[in-house]
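The values are calculated or read from the model by the stated rules, or taken from the named source; none is laboratory data. Since the structure is predicted, the reported quantities are computational estimates derived from the model, not experimental observations. No Cβ is skipped: glycine too gets one built from the backbone with ideal geometry, and neighbour counts run over all protein chains shown. What goes into the accessible areas is simple: the full protein's heavy atoms, side chains included, and nothing from ligands, DNA or RNA. Shrake-Rupley method; radii C 1.70, N 1.55, O 1.52, S 1.80 Å.
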Amino acid sequence: MPVTGRLKGYFLRGMAVLLPTVLTIWVFLLVYTFIQDNISYHINRGLVRVIVLVGRDRIEIEDKDVRAYLLDTKPELLGNEGELAIHMKRSDIRCKALIRRLEKRWVNGPASIAGFIIAVVSVCIVGAILASVMGRALWRYVEKLILNTPVLRRVYPYIKQVTDFLLAPEQQRALSFARVVAVEYPRKGIWALGFVTGSGLKNVTENLRKEFLTVLVPTSPTPFTGFVTIVPKKSVIDVDMTIEEAFRFLMSGGVITPDKAGEMPNLPTPEIEDED
């Protein structure tokens, strides 16, 4: 085999091994960066101000840090030592310089992970509170206020439906979709995977005197949207799949089937001829 063929085989094998790991790490880094930039940043800034408020009298700041802060924020003081000395004694200036020094460590430095930890712990605490009777009652009141707000009530319910489905336990999620079926869609002879969501519309059932099913035919590879169809009950085929398996099948474009779930794909082995 030519050298280029060998290199191509080695390259494909290396990509097959490394790409899933690299993409997984990349996704987690994206999530972490998003939380750090949009949530942890503000938590850390608030944490710095709490530290200054509580321990302002016990935390010392050197004159050189105050001087550097003043020269950065008031460059017109450069060369005016008398005016600079007066400003350096002001308590509000020293407080701002202290905040700036702490932010370098807590907001932009190694201690910035504190905001991420606080965010995760806060979500857990909120979840624990909402698990109680009083917590659920309080949240129902908050939701009622949101639903009575003109703009929010047109957005919040739809976002809540999506998040409730994605984050619900598997048992509750299974109740939303009764079972997985195959239906002829978009025309006869072509079969698509669907989720049974109901027993059809009452008027259609009574007029045609047939049993119907409401089936959501999801799109791939984003199965969170799709087309709602009402089909005769006799025309659907039950598929031996769980809801989770069906989602994996759809999101992978049909690559991951139930018999392959949890299995590592066979890696391409380059054929290398022995040199004579």
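Only one of 267, 167, 213, 175 is at negative phi, open to solvent by less than 70 Å² (accessible area, probe 1.4 Å) and modelled with pLDDT under 85; which? When all the criteria are applied, what remains is 267. Taking (1) of a type outside the set (Phe, Trp, Tyr); (2) in a loop (DSSP other than H, G, I, E, B); (3) at pLDDT 80 or above in turn, residue 274 satisfies each apart from (3). Just so you know, in region 47-63 the residues that are open to solvent by less than 30 Å² (accessible area, probe 1.4 Å) and not in a loop (DSSP other than H, G, I, E, B) include one that is modelled with the lowest pLDDT, and it is 55. Just so you know, in region 65-82 the residues that are open to solvent by 70 Å² or more (accessible area, probe 1.4 Å) and acidic (Asp, Glu) include one that is nearest to residue 101 (Cα to Cα), and it is 72. Considering only residues that are touching a residue at least 12 places away in the same chain (Cβ under 8 Å) and part of a helix (DSSP H, G or I), which ones fall in region 74-91? Residues satisfying the conditions are 84, 87, 88. Among residues that are assigned to a helix (DSSP H, G or I) and crowded, with 16+ Cβ neighbours inside 10 Å, residue 44 is included. Restricting region 87-119 to residues that are more than 40 Å from the chain's Cα centre (by Cα) and surrounded by fewer than 12 Cβ atoms within 10 Å (Cβ to Cβ) leaves a set whose member that is farthest from residue 57 (Cα to Cα) is 89. One residue alone among 136, 94, 140 is farther than 25 Å from residue 160 by Cβ, free of Cβ contacts under 8 Å to residues at least 40 places away in the same chain and of a type in the set (Lys, Arg), and that residue is 94.
Of all residues in region 136-163, which are in a helix (DSSP H, G or I), among the aliphatic types (A, V, I, L, M), over 22 Å from the mean Cα position of the chain (by Cα) and closer than 27 Å to residue 225 by Cα?
Just the residues of region 136-163 that are in a helix (DSSP H, G or I), to begin with: 136-147, 152-154, 156-163.
Next, from what is left, pick out any that are among the aliphatic types (A, V, I, L, M): 137-138, 142, 145-147, 152, 159, 162.
Applying the additional criterion that residues be over 22 Å from the mean Cα position of the chain (by Cα) yields 137-138, 142, 145-147.
Across region 136-163, the qualifying residues are 146, 147.
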